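> Pasting a structure below so you can have a look.
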Amino acid sequence: MKFSWKNLLLWSLPIIVISFFLWQGIFAPIANENNTNLTNSRMTYGRFLEYIEMGWVKKVDIYDNGHTAVIEAIGPEIGNRMQKIRVELPASAPELITKLKKNHIDLDAHPTKNNTALWSLLGNLFFPLLLITSLTLLFRRSNNATGGPGQAMSFGKSKALFQIEAKTGIIFDDVAGIDEAKEEFEEIVTFLKKPEYFTAVGAKIPKGVLLVGPPGTGKTLLAKAIAGEANVPFFSISGSEFVEMFVGVGASRVRDLFKKAKENAPCIIFIDEIDAVGRQRGTGIGGGNDEREQTLNQLLTEMDGFEGNTGIIVVAATNRADILDSALLRPGRFDRQVNVDIPDFKGRLDILNVHAKNKKIDKNVSLSIIARRTPGFSGADLANLLNEAAILTARERKNQITLKEIDKAIDRIIAGMEGTALIDSKSKRLIAYHEIGHAIVGTLLKDHENVQKVTLIPRGQARGLTWFTPSEDQSLISRSQIKARIMGALGGRAAEEIVFGESEITTGASNDLQQVTSMARQMVTRFGMSTIGPMSLENEDSNPFLGRSMGNNNEYSDEIAIKIDSQIKLIVDECHKKTRDIIKNNRVIIDKLVDLLIEKETIDGNEFTTIIKQYTKVPQKI
Ligand code: ADP
Ligand code: ZN
């Protein structure tokens, strides 16, 4: 909970109310005892005079400097019993005394005792005092609490937003598929456990290690494993938590973090998303950010401020080392970089093995088949995959995970949640032609991956899907493979054009077209696969957040820019024409496959290829 005036009000209202009742309950009776002898019946002054006239009043006691009287009276109106009745007297009531005297009524005046004033003074003080105390308590509590309410009141003081784990419980065996990074860290664990080995020979231990890799590849896990193996506490914070609205908060948080860490050395400090604070200073993009620079400076100061051998190791993670401030990477700071990449086949298999340990998996399921089907999956994706499969299994009240659930989970992770198929309609037919278009072009082309299945069951954003079996080695792709992919991606739109006519084509191809353009562009500007020649004209993602014209540091002339555009168009046009030819030449098979797809909703890859093979040669040289 953050501090706000609304919260303050919410908290203090009940306190105000409670203290008011307390005051009434404790002090009011005591105060009353001193002036009116506790009587509940009251009577107006006028009625009191009438009572005197009627002779019903027997005794009058005057209190409060003549402001109040308590009378003892008896009369028919009050049940003919002697009663004590309280009467408020007007400021000046000169006739009263004469009247009382005339009627021989016993009169007694009681002097005001001093402690009445004292009590009422105390009573008046008590309420504000209580309020002040409770508010003080409230704030003190918020400031001490970690992550508790009211933090913004302590500008610049620690919010203690970092997490501390005394024991992470993670060991190296929990981390798989990133063996090189692991080896690097085994050495660090040895240092934390036996620093004397290193100090004896005068070796300096790295203070900071930078883990570079895409999200979900196990960077946090690895850092925790060091702490777990070395049996030291694990301090962690995310870079984005440093950067606050108030200038100076981030810097003081860094200071607090290192202070706490020093008290607990040896230990591991883990800073996730360090790029949030550690971005190159003074680039001017998006305006300067004083707060971020102050925080970064503080971080640099702290890293320089402790001796290399105190036993604190700072591990930071980012997915982009290239945008970090060079000062961070200087010796004595994050001078070691360890890359953590998306795992390859063997890595995926190892990771699956780690996460399969605590799950009941049918013995017919081969983890290597799953690993083969999941190129591009990170460790987190794989962990998620097995978990999804386990959930699906439980939902179906089975007691072992089978290949069926795993397949479903893979599809779900890649393409989103499954929807229900459309009812038969023109658009269902169009989607069927679109998908069969992708699938047949992919099947007939020699350099294209094989079809794994075609389906009309929507998933995520997609209305229908054609899945291809990913080829394992994705690192080297030939020109004809890229062209085959472009044609495969154009297959859907080409089928729409030929079967339904130019005016009926739909927006359903927009995603395909994005891929087509991006692949063609990269052929020209990155892979030197056009007549412009073997030149690299653009970086992978020069600046994904800025338009091409703005943050463009590609050094080519306007003349080349025009050439690039015309080369891209040439590639796409050629592929488009060839794709249309494939569709036209195979119209009979396509019609049959569409009927089958509409009937079955999903056609498996093997069945698909078998059917095509009955009519034509697969693959074809196109
Ligand atoms: P990162 O910090 O790189 O974004 P995490 O370490 O937070 O990724 O990974 C999230 C989860 O994914 C981990 O808790 C773990 O369950 C799983 N995971 C990721 N990488 C691996 C790996 N290499 N080995 C085993 N599990 C992994
Ligand atoms: Zn498509």
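The values are calculated or read from the model by the stated rules, or taken from the named source; none is laboratory data. Because the structure is predicted, anything quoted here is derived from the model rather than measured. Neighbour counts are summed over all protein chains in view; Cβ atoms, including those assigned to glycine, are modelled from backbone coordinates with ideal geometry. Side chains included, ligands, DNA and RNA excluded: accessible areas come from the protein's heavy atoms. Shrake-Rupley method; radii C 1.70, N 1.55, O 1.52, S 1.80 Å.
> Of everything in the stretch 174-187 that's over 14 Å from G379 (Cα atoms) and out of contact with any strand residue (DSSP E or B) (no Cβ under 6 Å at 6 or more places or on another chain), which residue is least open to solvent (accessible area, probe 1.4 Å)?
Only one residue fits best here, namely F185.
> Among the candidates T199, T190, which residue alone is within 17 Å of E307 (Cα to Cα), assigned by TED's automatic domain parsing to the domain that holds V314, open to solvent by 20 Å² or more (accessible area, probe 1.4 Å) and not charged (D, E, K, R)?
Result of the check over T199, T190: T199.
> Oh, and also: Tally time: how many residues in the stretch 494-509 are under 39 Å from the mean Cα position of the chain (by Cα) and free of Cβ contacts under 8 Å to residues at least 60 places away in the same chain?
Matching residues across the stretch 494-509 total 1.
> Here's another thing I want to ask about it. Any idea which of K483, K453 is of a type in the set (K, R), within 28 Å of A390 (Cβ to Cβ) and in contact (Cβ under 8 Å) with a residue 12 or more places away in the chain?
After applying the criteria, what remains is K453.
> Within the stretch 437-456, track down each residue that is assigned to a helix (DSSP H, G or I), open to solvent by 10 Å² or more (accessible area, probe 1.4 Å) and over 18 Å from G508 (Cα atoms).
Hit for the stretch 437-456 is T443, nothing else.
> To continue, here is another question. I want to confirm something. Restricting to the stretch 214-227 and keeping residues that are open to solvent by 20 Å² or more (accessible area, probe 1.4 Å) and either touching a helix residue (DSSP H, G or I) at 6+ places or on another chain (Cβ under 6 Å) or within 13 Å of I164 (Cα to Cα) (or both), which single residue is nearest to ligand 2 (Cβ to nearest atom)?
In this case the residue turns out to be G216.
> Would you check if L352 is open to solvent by less than 20 Å² (accessible area, probe 1.4 Å), on the phi < 0 side of the Ramachandran plot and more than 12 Å from ligand 1 (Cβ to nearest atom)?
So L352 does not fit the description; no.
> At pLDDT below 75 and either under 60 Å from the mean Cα position of the chain (by Cα) or within 15 Å of K59 (Cβ to Cβ) (or both) - does that describe any residue in the stretch 103-114?
no
> Tell me yes or no: at least one residue of the stretch 383-401 is modelled with pLDDT under 95, within 24 Å of P215 (Cβ to Cβ), charged (D, E, K, R) and in a helix (DSSP H, G or I).
Within the stretch 383-401, one or more residues are modelled with pLDDT under 95, within 24 Å of P215 (Cβ to Cβ), charged (D, E, K, R) and in a helix (DSSP H, G or I).
> Residues of the stretch 457-491 being surrounded by 24 or more Cβ atoms within 10 Å (Cβ to Cβ) and part of a loop (DSSP other than H, G, I, E, B), which ones?
G464, the sole residue that qualifies.
> What pairs can you find where one residue is in the stretch 421-444 and farther than 15 Å from W467 by Cα, the other is β-branched (V, I, T) and within 11 Å of ligand 2 (Cβ to nearest atom), and their Cβ atoms are less than 7 Å apart, with a gap of 6+ or different chains?
So the pair list comes out as L430/T506.
> For the condition open to solvent by less than 40 Å² (accessible area, probe 1.4 Å), out of contact with any Cys (no Cβ under 9 Å at 6 or more places or on another chain) and away from ligand 2 (no atom under 16 Å from the Cβ), what is the one hit in I423, I391, I401?
From the options I423, I391, I401, the qualifying one is I401.
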